[in-house]
Structure formats: C-alpha cells, structure tokens
C-alpha cells in the first residue's frame, strides 16, 4: 500500500519554478543542445504547466529542430533531479511568438 501512496505523491508533485530555473542552465551547460543545420538551438527557460502527470514546457528558438534524444536527456534529468521515478513526464517545446512576424515593411 505504501508503494501506491508514493506513486500517487509523485504523480501530484509540483516542482517550484525557482528550482527549475536553477536546474535548467546547469543541465544545458553539462550537455548543450546540438546545432541543427549549422545554427545553434537556444533553450531559454522551463516551467511546469500542470501535474497529473507532471508536464513541463521549454521555451526557446527553433524548438522543432531539437532531436528526440535531447528531449529524453531533459526528461531523464528532470526525473533524476526532482525525484520523479516511475511516472510519465510530458515535455513540450515551444517557440516564443515573433512580434514582428505579421508586420509588413512600409514603403519608402
């Protein structure tokens, strides 16, 4: 019965944003994201958006080019750093919206 209660506690765990902000740059420094097509990938920050199961969102540039192996590295790092054994972790990668994308050039 204790194993069930432990699994439920992990399933409902919320990781504080400040703890994620301390862990994320260290994880990126230990194993930087690979370059895609000769251009560096920039991952800026991470936040937990929900529990049940723990779901995290990473914001950065060119997130569509992040390989699956690097996503697994981040998920396994989260699992090890924040004691989340045996629970599925959802990791979503998002790009920040470009405020200038819809703006057209004005004629001179």
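Scan segment 46-61 residue by residue and report those that are buried (at least 17 other Cβ atoms within 10 Å of the Cβ) and more than 10 Å from the chain's Cα centre (by Cα).
The one that is buried (at least 17 other Cβ atoms within 10 Å of the Cβ) and more than 10 Å from the chain's Cα centre (by Cα): 54.
If you check 101, 97, 26, which single one turns out to be exposed (fewer than 11 other Cβ atoms within 10 Å of the Cβ) and part of a helix (DSSP H, G or I)?
Just a single option satisfies the conditions, and that option is 26.
Which ones in segment 1-40 are in contact with a helix residue (DSSP H, G or I) (Cβ under 6 Å, 6 or more places away or on another chain) and modelled with pLDDT under 90?
Answer for segment 1-40, where residues must be in contact with a helix residue (DSSP H, G or I) (Cβ under 6 Å, 6 or more places away or on another chain) and modelled with pLDDT under 90: just 36.
How about segment 29-40: which of its residues are closer than 20 Å to residue 92 by Cβ and either in contact with a strand residue (DSSP E or B) (Cβ under 9 Å, 6 or more places away or on another chain) or assigned to a helix (DSSP H, G or I) (or both)?
Matches in segment 29-40: 33 only.
Taking the condition under 17 Å from residue 83 (Cβ atoms) and touching a residue at least 12 places away in the same chain (Cβ under 8 Å), does residue 28 pass?
So residue 28 does not fit the description; no.
Only one of 43, 20 is surrounded by 13 or more Cβ atoms within 10 Å (Cβ to Cβ) and part of a helix (DSSP H, G or I); which?
20
The values are calculated or read from the model by the stated rules, or taken from the named source; none is laboratory data. Bear in mind that the values here come from a model prediction, so they are computed numbers and not experimental data. All Cβ positions, even for glycine, are placed from backbone atoms using ideal geometry, and neighbour counts span all protein chains on display.
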